[in-house]
Amino acid sequence: MAAFPEVPKISYEGPDSRNPLAFRHYNAEELVEGKPMKDHFRFSVAFWHTMRGTGADPFGPGTMLRPWESGQDTVENAIQRVRVFFEFCQKLGAPFFCFHDRDVAPEGKTLAESHKNLDAVVKVIKEESQRTGIKLLWGTANLFSNPRYMHGAATSCNADAFAFAAAQVKKALEVTKELGGSGYTFWGGREGYQSFWNADMNREMDHLGKFLHMAVDYAKEIGFTGQFYIEPKPKEPTKHQYDFDAAACINFLRTYGLEKYFKLNIESNHATLAAHNVEHELEYAGMQGFLGSVDANTGDLLLGWDTDQFPTDVYLTTKIMLVFMKYGGIAPGGINFDAKVRRESFEPVDLFYAHIGGMDCFAKGLKIAAAMRADGELERMVKERYSSWDAGIGAEIDAGKHDFKSLEKYMLQKGDVTPNKSGRQELFENVVNRYIF
Ligand code: XUL
Ligand code: CO
């Protein structure tokens, strides 16, 4: 049975198209700066939102109409779902996908049964992946939904939870390798604490460091060579989450000697929850050598939680693409749509509208970013802003020719700082808008 009989293969029709089931900007093979668009983005569909999102919220149950769901949490239904998923990705033209172990296969009554269920479904994922050429961007394990992880997984006060999580990640690494995954992500869902009174933060973080080393060791043992990622998020569901933002994650990785093995998977809506924005987080990761992958979505200015909406803001996608291009691209990472349709958008076709919109918005952002780079005006303006560092005292400081004593002497002679550069923020914004509209 075809799950989306009314949806054709989505194709590129150009900016004037009025067809809602076509791309206006995303043209997979079109070259931008000599590279096909598809390689700039490496778009991925998230199994958890696309196939398992029910539309439930804290005030009411699911709303989604999904004719392929039998209503039973069986391996048989899980396999059916996998087939639907690949039909979706193929029609959309997405080259990658991501999943958690528990999204794709039902959790059994025992660990052994869960492993068995996962193996049965992974066999079909592998078949479908080979049939369609759609590849695994990264795999991950769900270490936050089951009640056993109420205090966290690696950072739990209950050592059994650590052990169970280790067993789960071991298996998830094996299946990620089996599927040829390019990476493996850790999002520390409940790795944090709620109350200062009952938490031993230092001990918890030591355990997290130990856990990630075990993952690195096991990957080496089985020959998994994909990239490891940590996904920062400051809060939700935990109040104080250890992987708060890019800076906290990088500090953690260096403290525990993990910096060689990990990069960051930056998520836009997580960045805003940390009171940053995604371009800040990406640039921070990029300049420190930790730019890994992106979970693309957006929040809502008027709602303070992780709403995981599809990105439709071209300023946002332009900034993301500028950072990617600055650091030589996002591979082996990609752009994973960690985004869900709204509760009211309950029809299967809405999944297509959502992804098409996100992909087109990134494609437009890429074209704008490429035009900015070709023109070079913004870059020249930034360079000019720092020009006091290119000659005279600035160049001497950069060349290591000064210390506090010599600088005091310089200032005693000069008297005071000469204000020489306006920030020109408004002009910068106007120049940016020249490329946008
Ligand atoms: C949760 C989130 C996760 C991770 C994978 O906010 O972003 O879906 O991306 O566990
Ligand atoms: Co995410």
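The values are calculated or read from the model by the stated rules, or taken from the named source; none is laboratory data. Keep in mind the model is a prediction, meaning the values are calculated, not measured. Ideal geometry is used to build each Cβ from the backbone, glycine not excepted, and the neighbour counts take in all protein chains shown.
Of all the residues in region 276-303, those that are in contact (Cβ under 8 Å) with a residue 12 or more places away in the chain and among the aliphatic types (A, V, I, L, M) number 6. Under the condition of being within 18 Å of the chain's Cα centre (by Cα), away from ligand 2 (no atom under 16 Å from the Cβ) and farther than 22 Å from residue 331 by Cβ, the residues counted in region 212-241 number 0. Only one of the numbered conditions (1) within 16 Å of ligand 1 (Cβ to nearest atom); (2) of a type in the set (Asp, Glu); (3) surrounded by fewer than 22 Cβ atoms within 10 Å (Cβ to Cβ) is violated by residue 101, and that is (3).
Could you tell me whether any residue of region 342-353 is in contact with a strand residue (DSSP E or B) (Cβ under 7 Å, 6 or more places away or on another chain), at pLDDT 95 or above and of a type in the set (S, T, N, Q)? No. For region 282-318, which residues satisfy the criterion of being acidic (Asp, Glu) and either under 28 Å from residue 39 (Cβ atoms) or part of a helix (DSSP H, G or I) (or both)? Answer for region 282-318, where residues must be acidic (Asp, Glu) and either under 28 Å from residue 39 (Cβ atoms) or part of a helix (DSSP H, G or I) (or both): 283, 295, 308, 313.
Yes or no: residue 65 touching an Asp or Glu at 6+ places or on another chain (Cβ under 8 Å), among the hydrophobic types (A, V, I, L, M, F, W, C) and under 30 Å from residue 362 (Cβ atoms)? Here the answer is yes, as residue 65 does meet what is asked. Checked against the criterion of being in a helix (DSSP H, G or I), more than 16 Å from ligand 1 (Cβ to nearest atom) and under 30 Å from residue 61 (Cα atoms), the candidates 378, 366, 322, 351 yield just one match: 351. The set of residues in region 45-70 that are more than 16 Å from ligand 1 (Cβ to nearest atom) and not in a strand (DSSP E or B) comprises 55, 59, 61, 62, 63, 64, 65, 66, 67, 68, 69, 70. Give me the residue from region 280-314 that is more than 17 Å from residue 246 (Cβ to Cβ) and of a type in the set (Phe, Trp, Tyr) and, out of that set, nearest to ligand 1 (Cβ to nearest atom). Checked region 280-314; the qualifying residue nearest to ligand 1 (Cβ to nearest atom) is 305. Determine, yes or no, whether residue 279 is of a type in the set (Asp, Glu) and either part of a loop (DSSP other than H, G, I, E, B) or closer than 20 Å to residue 325 by Cβ (or both). When the stated conditions are applied, residue 279 passes them. Does residue 383 count as of a type in the set (Lys, Arg), within 27 Å of residue 318 (Cβ to Cβ) and in contact (Cβ under 8 Å) with a residue 24 or more places away in the chain? Spelling it out, it is not the case that residue 383 is of a type in the set (Lys, Arg), within 27 Å of residue 318 (Cβ to Cβ) and in contact (Cβ under 8 Å) with a residue 24 or more places away in the chain.
The rows are residues; the columns are (1) at positive phi; (2) within 16 Å of ligand 2 (Cβ to nearest atom); (3) surrounded by 23 or more Cβ atoms within 10 Å (Cβ to Cβ); (4) not hydroxyl-bearing (Ser, Thr, Tyr).
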residue	(1), (2), (3), (4)
244	no, yes, no, yes
274	no, yes, no, yes
280	no, no, no, yes
295	no, yes, yes, yes
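When 117, 146 are screened for being touching a Gly at 6+ places or on another chain (Cβ under 7 Å) and farther than 30 Å from residue 8 by Cα, only 117 passes.
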